[in-house]
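Okay, structure first, notes after.
The values are calculated or read from the model by the stated rules, or taken from the named source; none is laboratory data. In this text the structure is predicted, and so the values were computed from the model without any measurement. Here Cβ is always computed from backbone atoms with ideal geometry, including for glycine, and neighbour counts include all displayed protein chains.
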Amino acid sequence: MKFTSILVTGGAGFIGSHLCEALLRQGRRVVVLDNLCDFYAPEIKAANLAAVRRVAAQAGGELVILRGDIRRPVDLERAFLALGPPAQAAVVHLAAMAGVRPSIERPQLYYEVNVTGTLNLLEQCRHNGVRHLAFASSSSVYGNNEKVPFAETDPVDQPISPYAATKKAGELQCHNYHHLYGISVACLRFFTVYGPRQRPDLAIHKFARLIQAGRSLPFFGDGTTRRDYTYVTDTLQGVLGSLAWLERCPAPVYEIFNLGESRTVDLATLVRLLGEALGRQPQLERLPMQPGDVDCTFADIAKARRLLGYDPQVAIEEGIPRFVDWFQENLPGAKIS
């Protein structure tokens, strides 16, 4: 079976806009649902959508963009109506409130969007006969797992932030609808995605702005915390691989996949690489570790390699200069906050 039409929730965002472009280049019909919220500047999302429209025009692909909120069932109904025949349709659910620290400040909002919104989406899949879903989860669900690298079979029962708890809840909701209604689901645990169009609140983007402006960086801890940084093209390879896997599976399936680079980089090294790419010496403001932050993320990607053909290609030493090239070309006067 070939999915001719894909609904991408959160399609105006960082990963979502790149995904929409890739799907259009594959000749698929793409329906975007995004509420263009002000978690970061809506103008950035509007620019992302403009880029998606240009790709649609160049590729001759069919693109439908709807402004709507997954908390509102009526908005989701419009999106599913635009999707077309359900037998040849799939959903990539990226829309969410993201970020560990903001979730500690606004847990109610995170639950409303990430838990209730995902339930609303699953209900629309059920009622509209759409039986294939890729759900964006997060490496945050692993918490401070002492076993590394993290495998999909590891226990994830001790989240340390509301954001992580909502993402685990989303995985459980998806399993529930797989079990009850035969919806095939690929839950994709993203590991610290970066690259062109990265959200301005995320560390790499924020650090680049501060270094460029000659201002000090908030440097939490002693610099030894480690992350599995994943370049956006590698993440996209995994998302597209998950759709191809769903297309191949004749019976309903439910699986969880890690999408990381399967390598860890400490904070001190990340800052050094950014400084070298920007040609400036980073100035550090040393601060204590923040509540909700994990010590390490590290993906075991053997399962994704085996089932999705996932094969990440962009090491951090290559990815950071690529990001900086985009940053300097597109955001020379970016506001620092």
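Starting from the range 314-328, keep only residues that are closer than 18 Å to S262 by Cβ, then list their pairs with residues that are at pLDDT 95 or above and assigned to a loop (DSSP other than H, G, I, E, B) whose Cβ atoms are within a distance under 6 Å, requiring at least 6 positions of separation or different chains.
The qualifying pairs are I316/Y229.
Are there any pairs with C-beta distances below 8 angstrom linking a residue in the range 223-242 that is touching a residue at least 12 places away in the same chain (Cβ under 8 Å) and at positive phi to a residue that is of a type outside the set (S, T, Y) and surrounded by fewer than 23 Cβ atoms within 10 Å (Cβ to Cβ), with the two at least 6 apart or on different chains, and if so which?
G223/D266; G223/L267; G223/A268; G223/V271
For every residue, the table says whether it meets (1) exposed (fewer than 14 other Cβ atoms within 10 Å of the Cβ); (2) under 25 Å from R189 (Cβ atoms); (3) not aromatic (F, W, Y).
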| position | (1), (2), (3) |
| --- | --- |
| S262 | no, yes, yes |
| L273 | no, yes, yes |
| E276 | no, no, yes |
| P288 | yes, no, yes |
| D300 | no, yes, yes |
| L307 | no, yes, yes |
| Y310 | no, yes, no |
| R322 | no, yes, yes |
| F327 | no, no, no |
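Out of curiosity, is Q283 touching a residue at least 40 places away in the same chain (Cβ under 8 Å), surrounded by fewer than 17 Cβ atoms within 10 Å (Cβ to Cβ) and out of contact with any Phe, Trp or Tyr (no Cβ under 8 Å at 6 or more places or on another chain)?
Working: touching a residue at least 40 places away in the same chain (Cβ under 8 Å): yes; surrounded by fewer than 17 Cβ atoms within 10 Å (Cβ to Cβ): yes; out of contact with any Phe, Trp or Tyr (no Cβ under 8 Å at 6 or more places or on another chain): yes.
Considered against the rule, which asks whether it is touching a residue at least 40 places away in the same chain (Cβ under 8 Å), surrounded by fewer than 17 Cβ atoms within 10 Å (Cβ to Cβ) and out of contact with any Phe, Trp or Tyr (no Cβ under 8 Å at 6 or more places or on another chain), Q283 comes out as yes.
Can you go through T235, T269 and tell me which one is of a type in the set (S, T, Y), surrounded by 21 or more Cβ atoms within 10 Å (Cβ to Cβ) and modelled with pLDDT of 95 or more?
T235
So, of the residues in the range 24-38 that are free of Cβ contacts under 8 Å to residues at least 40 places away in the same chain and assigned to a strand (DSSP E or B), which turns out to be farthest from the chain's Cα centre (by Cα)?
Ranking the qualifying residues of the range 24-38, first place goes to V30.
Could you check, for the range 275-284, whether at least one of its residues is under 23 Å from R28 (Cβ atoms) and either in contact with a Gly (Cβ under 6 Å, 6 or more places away or on another chain) or assigned to a loop (DSSP other than H, G, I, E, B) (or both)?
The answer is no, given that none of the residues of the range 275-284 is under 23 Å from R28 (Cβ atoms) and either in contact with a Gly (Cβ under 6 Å, 6 or more places away or on another chain) or assigned to a loop (DSSP other than H, G, I, E, B) (or both).
Yes or no: the range 173-189 includes at least one residue that is part of a loop (DSSP other than H, G, I, E, B), modelled with pLDDT of 95 or more and under 18 Å from the mean Cα position of the chain (by Cα).
no
Please go through the range 39-85 and give me each residue that is among the basic types (K, R) and assigned to a loop (DSSP other than H, G, I, E, B), ordered by number.
R71, R72
Could you say whether any residue in the range 194-207 is more than 16 Å from the chain's Cα centre (by Cα), of a type in the set (A, V, I, L, M, F, W, C), surrounded by 16 or more Cβ atoms within 10 Å (Cβ to Cβ) and closer than 29 Å to V148 by Cα?
yes
For the range 4-50: of the residues being closer than 22 Å to A89 by Cα and in contact with a Cys (Cβ under 9 Å, 6 or more places away or on another chain), which is surrounded by the most Cβ atoms within 10 Å (Cβ to Cβ)?
G11
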